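The values are calculated or read from the model by the stated rules, or taken from the named source; none is laboratory data. Quantities reported herein were computed from a predicted structural model and do not represent experimental measurements. When we count neighbours, we look across all protein chains shown, and the Cβ atoms used for this are built from the backbone with ideal geometry, even at glycine. Just the protein is used for accessible areas: all its heavy atoms, side chains included, with ligands, DNA and RNA removed. Shrake-Rupley method; radii C 1.70, N 1.55, O 1.52, S 1.80 Å.
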Amino acid sequence: MKTKLEALKNQAINEINTTQDLKELQDIKIKYLGRKGELNTIKRGLKDIPPEERPVIGELANKTAAEIGENLNRVYENLYKKSVSQKLEAERIDVTLPGDYIPYGKQHPLTATVNEIISIFNRMGFMLVEEANNPEVETEYYNFDALNFPPDHPAKDMQDTFYTINAENLLLRSQTSNSQIREMENKRPPLRIISPGRVYRAEAISSRKYNLFHQVEGFMVDKEVTFGNLKGVLNEFTRQFFGQARPTRFRASFFPFTEPSAEIDVQCIICSGKGCRTCSGTGWLEILGAGMIDPNVLRTVNIDPEVYSGFAFGMGVERLAMLKFAINDIRLFFNNDVRFLEQF
Ligand code: DAH
């Protein structure tokens, strides 16, 4: 029995010292010290030896187990340390390497322009239109009739406006002015609203025209709103948008929903004099349409024109952005060429 234990111990220690693998070490442990392991098998044989020898052999068996255990622990520690350092080596990070370049996304120049226009008017007390009052798919009523367009107005023609095939009188709005009617229908003065959005027109596409573009509409209705208020608000807008006080010119014009109406020009910002391509040598650039809201429009939304008055204006976002950033082709906004978009 003694020699058996001795041999077992030597064999175990030998196996323990030669393995290079943690999993294998675990198997060795089970093989010798496990419940059904070799040492237990020997211990079970204790009952067959003379009783007086049992304590000596029993103690020897325990010592053998302890020695094997010590060896297991020692080798385990070594192998474990080795495996950790191997892992660390494999996952080594060079903290001195430069970081990866992750390009930032940018706002589209039209989004940036719309946001800037909105914030200028916000500062003058204009509130953003309610989403539900600013639809792109609209009825003829809100896009034209309620805005005092006569029934035979040429803008209503299929050649200018996209009608849908879903229902008669349903169209893609040709102007953001529809939001004026919807806002005034649900709200009572005093009102100061700014309303940006997409509009659609059946245009032949060129460097200056696209059949989808953006407008920002604005209007104010209260007691005693005057044309002077309109001038003050729009002059302040051009000053902030173009970055300096810039002469403006209010030219008499016509829109069905305003009376009187005006088109507003700003002094050419890129002007190179007589042959200037931006303003065709006139020195002026048209930037928006405006006027005093026609009493017929106020009556349509049940606001008494004897008590209230208002002004309205509408501007083309692409046109303003083209002037501000000296862009010569409207199609650049819609091609989504990163070489163009990256510049903003
Ligand atoms: N809706 C006009 C257009 O698309 C622009 C416009 C002009 C809007 C005068 C207005 C306004 O609110 O008062 O050409």
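Things worth noting here:
- The residue that is least open to solvent (accessible area, probe 1.4 Å), counting only those in the stretch 1-29 that are over 15 Å from GLU67 (Cα atoms) and among the β-branched types (Val, Ile, Thr), is THR19.
- The lone exception for ARG35 - which of (1) in a helix (DSSP H, G or I); (2) over 60 Å from the mean Cα position of the chain (by Cα); (3) not β-branched (Val, Ile, Thr) it fails: (1)
For every residue, the table says whether it meets (1) of a type in the set (A, V, I, L, M); (2) touching a helix residue (DSSP H, G or I) at 6+ places or on another chain (Cβ under 9 Å); (3) more than 15 Å from the ligand (Cβ to nearest atom); (4) not assigned by TED's automatic domain parsing to the domain that holds ARG239.
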position	(1), (2), (3), (4)
SER83	no, yes, yes, yes
ASP100	no, no, yes, yes
GLU116	no, yes, yes, no
ARG123	no, yes, yes, no
THR164	no, no, yes, no
GLN180	no, yes, no, no
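- Selection over the stretch 253-276 of residues that are within 16 Å of the ligand (Cβ to nearest atom) and of a type outside the set (S, T, N, Q) gives a count of 11.
- Matching residues in the stretch 278-322 - criterion: being open to solvent by less than 60 Å² (accessible area, probe 1.4 Å) and without any contact (Cβ under 8 Å) to a residue 12 or more places away in the chain: CYS279, GLY281, PRO305, MET322
- From PHE241, PHE250, PHE325, PHE227, residue being free of Cβ contacts under 8 Å to residues at least 60 places away in the same chain, among the hydrophobic types (A, V, I, L, M, F, W, C) and either more than 14 Å from the ligand (Cβ to nearest atom) or open to solvent by 40 Å² or more (accessible area, probe 1.4 Å) (or both): PHE250
- Checking each residue in the stretch 261-320 for being under 37 Å from the mean Cα position of the chain (by Cα) and of a type in the set (Val, Ile, Thr) picks out ILE264, VAL266, ILE269, ILE270, THR278, ILE287, ILE293, VAL301, VAL317.
- Qualifying positions in the stretch 131-159 - within 14 Å of the ligand (Cβ to nearest atom) and open to solvent by 70 Å² or more (accessible area, probe 1.4 Å): PRO154
- Total residues in the stretch 277-288 satisfying the condition of being within 13 Å of the ligand (Cβ to nearest atom) and either more than 18 Å from ARG246 (Cβ to Cβ) or of a type in the set (Asp, Glu) (or both): the figure is 1.
- Condition check for ASN73: more than 18 Å from ALA7 (Cβ to Cβ) and open to solvent by 50 Å² or more (accessible area, probe 1.4 Å): yes
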